[in-house]
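This report refers to the structure that appears directly beneath it.
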Amino acid sequence: MTTTTDQRAAEAAEALMGRIFGAALGAAELFTIYLGDVHGIYRAIDEGGPATAAELAERTGLDHRYLVEWLQSQAISGLLTIDGTDVWTDRFSLAPGVREALLEPTNPVYAGGLAAVVPAVGRAFPQLVEAFRTGAGVPYAAYGDEAVRAQEMLNRPAYVNSLAAEWIPNVPGLHDLLTRGARVADLGTGAGWSAIELAKAYPAVRVDGYDNDEDSISRARRNAAEQGVSGRVSFEVRDIADVAANGTPYDLVTFFECVHDFAHPVEALTAARTALAPGGSVIVMDEHADEVLAAPGDEVQRFLAAASTIWCTPQGLVDEDSDVVGAIMRPDRLRHLAQHAGFGQVDVLPIEHPFWRFYRLTP
């Protein structure tokens, strides 16, 4: 039987409906995951053992009725197991994999940061809706504390597990430089985990982290103290364009997943070049966007494109004269920015990662 145009359209519409339902399901479950994380319910089960709703209410101080509903949803979603069928009296346990994915913040598969993205965007969403009409930006602060928390949790596992073990060894000469001792500027440092892990791996380095968000820098200072590196890692609230103002020459300047967010990326890269000591270089880790547009794209490209629309670009558009790139940072775009910032060479580094691409910029 020949498939008619109307049949193909109906099949496509049905498939799209299923995809949209799946997206709604995922968003709803992320909200429940966030509730379990922020209220410590997963941890209470992990540390105290299997429990009924009443026992968890006693452990956590949370409302019993809400816990019954939450526990039921988690069991149906497969994140908890139940030793019977009565959600009021039977005991719940963590399902396999939940501890690693939601309770171990340095585990390579930790995904707790993704759950925090949803309430963060929810806080800012009324402003984002209006911004589509006005063209105004949506400030980072509008996304609330969850935004800083989400950024911190999303990237920390990679810094802990890959920065020193995989990434640095694939940058020619960098391991030796850091082993001997180097002065490093980590620009757009956020909560500081990239700077902290660099200092932990290389005891001879001194790292200065800069970011213009006060909440992020407060967290970074606290994190450095807790990790025992505050004597070699300092953090300062500063506009990145002013990084060279203190006159410190840096052997290495790093941008970890932030250039695409900047309202003025050329100015930031220019400041990094100006701050370099003779023979120094800049390392950029940014999004692994396809080199050319593929539509429809795979799941990674879909995630980057959506994040660019609701997170990266709105925050970068806060400045009226913004030249923000957004999360679809293709290699040609980064080369163009680096050229205008005065760099003579841009090399794509041989580091494989599904979400990030790595560059070395030299004057």
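A short reminder: the numbers here are calculations on the coordinates, not readings from a lab. Everything numeric in this text was worked out from a predicted model, so none of it was measured. Ideal geometry is used to build each Cβ from the backbone, glycine not excepted, and the neighbour counts take in all protein chains shown.
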_Is the C-alpha gyration tensor of region 5-103 telling us rounded, prolate or oblate? Criteria: a/c under 1.5 is rounded; beyond that, a/b larger than b/c is prolate, otherwise oblate._
prolate
_region 1-75-region 273-291 distance, computed between alpha-carbon centres (Å)_ = 40 Å
_With the crude spin-label approximation of a point 7 Å out along Cα→Cβ, what separation in nm comes out for Asp46 versus Ser162?_
2.2 nm
_Test of understanding: what is the full-extension gain from Val348 to Asp321, defined as 0.36 nm times their sequence separation minus their Cα-Cα distance?_
6.8 nm
_As a footprinting exposure proxy, order Thr254, Thr85, Thr52 by other Cβ within 10 Å, with the fewest listed first._
Thr85, Thr52, Thr254
_With an 8 Å Cα cut-off and a minimum separation of 6 or more residues, compute the relative contact order for the chain in percent._
12 percent
_At R0 = 51 Å, how high is the FRET efficiency between Glu291 and Asp63 if r is their beta carbon distance? Nearest 0.05 is fine._
0.50
*Calculated mean projected area of the Cα convex hull in nm² (choose from [x] 19.3; [y] 16.7; [z] 22.9), label*: [z]
*If you take the beta carbon distance between Val129 and His175 as r and set R0 to 51 Å, what does 1/(1 + (r/R0)^6) give as a FRET efficiency, to the nearest 0.05?*
0.60
*Helical mean residue ellipticity (222 nm; -39500 (n - 2.57) per DSSP H run of 4+; nearest 500) of the chain*: -14000 deg cm²/dmol
*Once you've got the GNM for the chain with C-alpha springs shorter than 10 Å, pick whichever of Ile33, Ile168, Ile76 has the biggest mean-square fluctuation.*
Ile76
*Taking only C-alpha pairs under 8 Å that are 6+ residues apart, what is the relative contact order of region 5-103 in percent?*
25 percent
*asked:* If you take every residue apart from Leu349 with its C-beta less than 13 Å away from the C-beta of Leu349, what net charge results, scoring Lys and Arg +1 and Asp and Glu -1?
replied: -2
_Packing-based exposure ordering (other Cβ within 10 Å, fewest first) of Tyr143, Tyr42_ = Tyr42, Tyr143
_Part-to-part distance (alpha-carbon centres) for region 210-237 and region 113-159, which is given in Å_ = 21 Å
